[in-house]
Amino acid sequence: MFHTRRDTATDCRRRRKEAKSRCFGPTTPPHVGAYSGYGIPKLASRPGTLPALVASLLLLVAAAHAAEAPPPRPLDEVRAVLAQAPAPPDTDPLREIRIVLLADAKDHGAEEHDYPLWQQRWRVLLGGSQGSDERTPLNLYGPPADPALDGRRGAPRVRVDTAWQWPSRQQWESADAVVAFCYLPWNEARFQEVAAYLARGGGLVLVHSATWTMPGPSERVAALTGVGGFTSYRHGPVELQIATDHPLCLGLPPRLSFLDETYWPPTPAEHAARIQVLASSRESLGSTPDRVAPQPVFWLFEQDRGRVFGCVLGHYTWTFDDPYFRLLLLRGIAWSARESPYRLDALALRSARANGVKH
Ligand SMILES: [Zn+2]
């Protein structure tokens, strides 16, 4: 069952409020993002007035539309993109990379913020079923796709470990890339742990909720990851402008459409100049049309030897089955682990949402 857009927005506020009460966040005051999507201006009138009711009806109509999964990508188009990447490195032996997938309890409705499902499915997508008879599907959205033998193999020389709420000390010490898809319960000890991890050359990949800092944007998080958090969000169509000249975007079209959630603007603002933006969407910074500006949706940040890859999308399960989303995220993971960004490209289409994909 799909949630309506109004349900989704309300759920976001409620869940963030709940999460705030249980996280060990920085001391900046809570600042839950203003709802400002679809170009509908924020209501100036009191709840219950006619303009407010009309606007609410508009939101509901838009909601029904927003909750539909987008159509699958054309398979031939995706294959043409993949064909532009250089062949995987043939170094023998291939360097083993250790990836930790970090998740937490699900905190939104159906098809939203499904961290446990993502962790379960991507553990097999990346690392394979590791010799067991386990038949875990690789897709998050819709009925389980038949996990063909190819899909259960994982990527060559990739070892996957999982963590719940926060990686163990041993995981921080041994990982090449930690991929976080959940709100991150930052505290002083954890700032220091991540700083040490990045200083030794670790890779950190932040997906959706992990880029939204609780209880509010943080200078400390910005110093470590390039983006300290956000203050606004909306659910709906996302039109990305892609930095096609960057190696991580090799082959991708200059514009890509998604149906997901965006966060913006990077806060505190002064840190935003330090990130390298791979993809952006135009978002409203106020109630007038002239206050629309590109906002980072995928970005890179390097400090010392550490590499951080940020990804705002990931609200809905179907986004993880989108081969272009997968390609960007997989390249971000490989890049953060100091590997060829194309090393995991072959996973982009396994059980993905593309017309004609054979699972
Ligand atoms: Zn979300």
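The values are calculated or read from the model by the stated rules, or taken from the named source; none is laboratory data. These numbers were taken from a predicted model, which means no experiment stands behind them. Note that each Cβ is placed from the backbone with ideal geometry, even for glycine, and that neighbours are counted across all protein chains shown.
Quick check, is Val357 β-branched (Val, Ile, Thr) and within 18 Å of the chain's Cα centre (by Cα)?
It is false that Val357 is β-branched (Val, Ile, Thr) and within 18 Å of the chain's Cα centre (by Cα).
For Gln276, which of the numbered conditions (1) of a type outside the set (A, V, I, L, M, F, W, C); (2) out of contact with any His (no Cβ under 7 Å at 6 or more places or on another chain); (3) more than 16 Å from the ligand (Cβ to nearest atom); (4) closer than 25 Å to Asp107 by Cβ fails to hold?
(4)
Quick check on the range 283-306. Is at least one of its residues of a type in the set (Gly, Ala, Ser) and assigned to a loop (DSSP other than H, G, I, E, B)?
yes
Tell me, yes or no, whether the range 87-102 has at least one residue that is assigned to a helix (DSSP H, G or I) and either modelled with pLDDT of 95 or more or hydroxyl-bearing (Ser, Thr, Tyr) (or both).
No, that holds for no residue.
Six or more apart or on different chains, Cβ atoms under 6 Å: show the pairs whose first residue is in the range 73-92 and surrounded by fewer than 16 Cβ atoms within 10 Å (Cβ to Cβ) and whose second is assigned to a loop (DSSP other than H, G, I, E, B) and hydrophobic (A, V, I, L, M, F, W, C).
Qualifying pairs under 6 Å: Gln84/Leu250.
Please work out if Leu256 is over 30 Å from Gln171 (Cβ atoms) and surrounded by 18 or more Cβ atoms within 10 Å (Cβ to Cβ). Even if it seems obvious, please write down each step before you answer.
Working: over 30 Å from Gln171 (Cβ atoms): yes; surrounded by 18 or more Cβ atoms within 10 Å (Cβ to Cβ): yes.
Taking the combined requirement at face value, the residue satisfies it.
Within the range 287-297, can one find any residue that is out of contact with any helix residue (DSSP H, G or I) (no Cβ under 9 Å at 6 or more places or on another chain), under 29 Å from Arg73 (Cα atoms) and charged (D, E, K, R)?
Checked the range 287-297: no residue is out of contact with any helix residue (DSSP H, G or I) (no Cβ under 9 Å at 6 or more places or on another chain), under 29 Å from Arg73 (Cα atoms) and charged (D, E, K, R).
Report, by residue number, each residue of the range 307-337 that is in contact with a strand residue (DSSP E or B) (Cβ under 7 Å, 6 or more places away or on another chain), in a loop (DSSP other than H, G, I, E, B) and farther than 24 Å from Trp264 by Cβ.
Passing the criteria: only Ala337.
State which residue is farthest from the ligand (Cβ to nearest atom) when the search covers only the range 177-201 and only residues that are out of contact with any Lys or Arg (no Cβ under 9 Å at 6 or more places or on another chain) and of a type in the set (Gly, Ala, Ser).
If we take residues in the range 177-201 being out of contact with any Lys or Arg (no Cβ under 9 Å at 6 or more places or on another chain) and of a type in the set (Gly, Ala, Ser), then Ala196 is farthest from the ligand (Cβ to nearest atom).
Of all residues in the range 202-230 being assigned to a strand (DSSP E or B), hydrophobic (A, V, I, L, M, F, W, C) and away from the ligand (no atom under 16 Å from the Cβ), which is surrounded by the fewest Cβ atoms within 10 Å (Cβ to Cβ)?
Filtering the range 202-230 for residues that are assigned to a strand (DSSP E or B), hydrophobic (A, V, I, L, M, F, W, C) and away from the ligand (no atom under 16 Å from the Cβ), the one surrounded by the fewest Cβ atoms within 10 Å (Cβ to Cβ) comes out as Leu204.
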